[in-house]
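For reference, the structure discussed in these notes is given below.
The values are calculated or read from the model by the stated rules, or taken from the named source; none is laboratory data. Note that the coordinates shown come from a computational prediction; the quantities given were computed from them, not determined experimentally. When we count neighbours, we look across all protein chains shown, and the Cβ atoms used for this are built from the backbone with ideal geometry, even at glycine. Each accessible area value is taken on the protein alone, full model and side chains, heavy atoms only, with ligands, DNA and RNA left out. Shrake-Rupley method; radii C 1.70, N 1.55, O 1.52, S 1.80 Å.
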Amino acid sequence: MSEFVNLIWLLLVVFVFHDLEEIITVERWLGQKRAQVLHALPGRLQKLMEPSLAMNTAQFAVAVTCIFAVLVAAVVLAAVTLPLGTYLPFFLVCLHVMFLHVFTHIGHTIAMRAYTPGVVTAVILVLPYSVYTYVRLFEAGVITWSLVWSTLPFCLLAVPILYVAHWLGQAAGGLVSR
């Protein structure tokens, strides 16, 4: 069981390295590519995304911290209750979101035909970690396809969480004078 507890905790390490890449690069990248990104989006999506595309590094870091707090809750609860499996579905939803997020990074990079913040660690850390974790959990019988399929729809809960995290990041920017 300790191997699986370690795999669960490793999600936080992978997330931190991945989001550090984003935090370090996002402000400069948005400064250079913001107009290009907005132009590529449909009109309704432009209005929705525009505030997020104007975030500075500190605001983005606040948003990332909010998301990290959710992941910490999932990891701690899943690791502590792993023998019972009580919070394993919560962890799985977070793992699904991280895994699927890799493909948004790849898609953005292909669409932009250029580097996008987070793509490097998404491909070299998040993707291998996710695949390895799924494989090990399946091999040990800790998860089943039924559990995977039943938790996938809950990935949609990431949307309001991301929205609130970005809103809090933007709000935090208003509290700090430049």
- Query: Restricting the search to the stretch 88-115, which residues are touching a residue at least 40 places away in the same chain (Cβ under 8 Å) and under 10 Å from the mean Cα position of the chain (by Cα)?
  - Reply: Cys94, Leu95, His96, Val97, Met98, Leu100
- Give just the number: which of (1) free of Cβ contacts under 8 Å to residues at least 40 places away in the same chain; (2) surrounded by fewer than 16 Cβ atoms within 10 Å (Cβ to Cβ) does Leu77 not satisfy? (2)
- Query: Condition test on Leu53, is it exposed (fewer than 15 other Cβ atoms within 10 Å of the Cβ) and among the hydrophobic types (A, V, I, L, M, F, W, C)?
  - Reply: no
- Could you please let me know if Ser146 is more than 24 Å from Thr65 (Cβ to Cβ) and open to solvent by 70 Å² or more (accessible area, probe 1.4 Å)? yes
- Message: Can you find, within the stretch 25-37, the residue that is nearest to Thr65 (Cα to Cα) among those that are out of contact with any helix residue (DSSP H, G or I) (no Cβ under 8 Å at 6 or more places or on another chain) and loosely packed, with under 13 Cβ neighbours inside 10 Å?
- Response: Arg28
- Among the residues listed as Phe91, Phe68, Phe60, the single one being modelled with pLDDT of 95 or more, crowded, with 20+ Cβ neighbours inside 10 Å, under 19 Å from Ile161 (Cα atoms) and among the aromatic types (Phe, Trp, Tyr): Phe91
- Task: Among the candidates Gly118, Gly85, single out the residue that is open to solvent by less than 40 Å² (accessible area, probe 1.4 Å) and within 15 Å of the chain's Cα centre (by Cα).
- Result: Gly118
